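Heads up, the thing below is written out as structure tokens.
The values are calculated or read from the model by the stated rules, or taken from the named source; none is laboratory data. What you are looking at is a predicted structure, and each value in this text was computed from that prediction instead of being measured. No Cβ is skipped: glycine too gets one built from the backbone with ideal geometry, and neighbour counts run over all protein chains shown. Areas reflect the complete protein model, heavy atoms only, side chains present, ligands, DNA and RNA absent. Shrake-Rupley method; radii C 1.70, N 1.55, O 1.52, S 1.80 Å.
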Amino acid sequence: MKRALNFNAGPAALPLSVLEEAQRNWLNFNGTGMGVMELSHRSREYEEVHEGAKTLLRRLLGVPDDYEVLFLQGGASLQFTMLPMNLLAEGKTGYYALTGSWAEKAMKEAAKIGKTASAASSKEDTYRYIPELSGLADLKDAAYLHLTSNNTIYGTQWQDFPETNVPLAADMSSDIMSREIDVSKFDIIYAGAQKNLGPSGVTVVILKKSLLSGPRGDLPVMLDYFTHSKSQSLYNTPPTLAIYMLMLVLEWVEKEGGLAAIAERNKQKAELIYSSIDDSEGFYQGHSRKDSRSQMNITFNLHTEEAAGQFLHAAKEAGFVGLNGHRSIGGCRASIYNAVPLEHAEKLAEFMRKFKNNN
Ligand SMILES: *Cc1c(COP(=O)(O)O)cnc(C)c1O
């Protein structure tokens, strides 16, 4: 069987060995005579999966002991609401670094819950860069400062995170587990799984335990972080199959050498494709400014819409999947999350060079 050259933005490619392992266990997980998704979520067998995924995630990301790891549902999009519901107190302001469509959506939802303000924005330049955050010391009324570590649609990424006393909140949906991070710099991190962690259906939330003082009677029970923390993310039925797949992906990350090795390979993959853009004498034009480039989503265009259309058509003929840019900016986008093999990035870089030479 031939695997697709999959550059989808999300849901995205998963490691072949993970899919094969899931397939081997599909009908009979660990000798139970049942598939994982047929097990009770209260069974010992499932508990091993649930806790196994948590332990691996903690180890790989270096999550400190005073942080909780939650497995929730509703995607990163529900966190746009849940985070301010839990953390944006009356009289405080939720500050947002506006770096793209997801950041805008996050702020828009928070504004329905409480007071919000923009801390910085690069919208005036179609989100080509990560803006400087100045005046952080003056955000005295801040409940938190929210940022989007990687901007999936525009193809930009925070290269380092701001030094600030303001509690940091981050949507890391499209670059979690792609590089080493210092979790202790953040009060809360969240990510939908379907880009770097597994299939869709589970959302990872990592938050400081000190944020959880007790049950919040004023919130719907399912939208209170305390509920899920107190019950080890088993208050209601969790997405057991998605969490099992997450565990397999994390085992794969560890086998590959952990985050340092994964980050090194991601860098190589990104360099291959960016050099096809940079060496093309303007044939391909990268969307993001060089100092803000994403190693996960590479966005570029050709000199006309028509040329971009021809490129995408030829790429499709050659077996490349998912290279269309997001509908909001058009052009092309290559998403090269952890599970996209180096060889696929090489093939794309080479295809881009050939296409340029023939046109
Ligand atoms: C994909 C994505 C989302 C949306 O995730 P859902 O799980 O579909 O809600 C939010 N933020 C970022 C940065 C994303 O890449």
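Normalising the average separation of contacting C-alpha pairs (under 8 angstrom, six or more residues apart) by the number of residues puts the relative contact order of the range 257-358 at 32 percent. The range 317-331 and the range 30-102 have Cα centres spaced 30 Å apart.
Averaged across orientations, what area in nm² does the convex hull of the alpha carbons in the range 304-356 project?
Values: hull surface 15.4 nm².
Mean projected area for the range 304-356: 3.9 nm², to one decimal.
With all projection directions averaged, the alpha carbon convex hull of the range 257-358 covers 6.5 nm². Taken along the Cα-to-beta-carbon direction at a fixed 7 Å, the label points for Asn236 and Met37 span 1.9 nm. Based on C-alpha pairs under 8 angstrom that are at least 6 apart in sequence, the chain has a relative contact order of 23 percent. In terms of Cα atoms, the Rg and Dmax of the range 1-126 work out to 20.2, 59 Å.
Modelled label positions at Ala261 and Asp218, each set 7 Å beyond Cα in the direction of Cβ, lie 4.9 nm from each other. For the range 128-230, dividing the convex hull volume of the Cα atoms by the residue count gives 133 Å³ per residue.
Averaging the Cα positions of each part gives two centres, and for the range 236-284 and the range 120-165 these lie 23 Å apart. Summing Lys and Arg as +1 and Asp and Glu as -1 over all other residues whose Cβ lies under 9 Å from the Cβ of Leu323 gives a net charge of +2. Loop-resident trypsin sites (Lys or Arg not before Pro) (DSSP state other than H, G, I, E or B) in the range 52-142 with no more than 10 further Cβ atoms inside 10 Å of their Cβ: Lys140. Helical content alone sets the calculated 222 nm signal of the chain at -11000 deg cm²/dmol, taking -39,500 (n - 2.57) per DSSP H segment of four or more residues and averaging over every residue.
Of the GluC sites (Glu not before Pro) found in the range 211-284, those that fall in a DSSP loop while having at most 13 other beta-carbon atoms within 10 Å are Glu281. Among complete DSSP H helices in the chain, those whose alpha-carbon atoms stretch at least 20 Å along the helix's long axis and whose mean Kyte-Doolittle hydropathy reaches 0.5 are 240-255. Taken over the C-alpha atoms, the range 71-141 has Rg and Dmax values of 12.8, 36 angstrom. Extension gain for Ala89-Asp138 works out to 15.8 nm (0.36 nm per residue, less the C-alpha to C-alpha distance). Apolar share of the accessible surface for the chain: 49 percent from carbon plus sulfur atoms, 1.4 Å probe.
Can you give me the distance in nm between label points at Arg289 and Lys347, each placed 7 Å from the Cα along the Cα-to-Cβ direction? Each label point lies 7 Å from its Cα, and together they span 3.6 nm. A cut-off under 9 angstrom between Cβ atoms defines the neighbours of Lys208, and their net charge, with Lys, Arg +1 and Asp, Glu -1, is -2.
The dipole here belongs to the chain: it is taken about the Cα centre, uses +1 on the Cβ of Lys and Arg and -1 on the Cβ of Asp and Glu, and is about 500 debye.
So for the range 21-90, considering every pair of alpha-carbon atoms, how many percent are separated by more than 18 Å?
Numbers: 1420 of 2415 pairs.
Here the tail beyond 18 Å accounts for 59 percent of pairs.
Across Arg333, Arg179, the residue with the most accessible area heads the list, and the full order at a 1.4 Å probe is Arg179, Arg333. Taken over the Cα atoms of the chain, the convex hull encloses 134 Å³ per residue.
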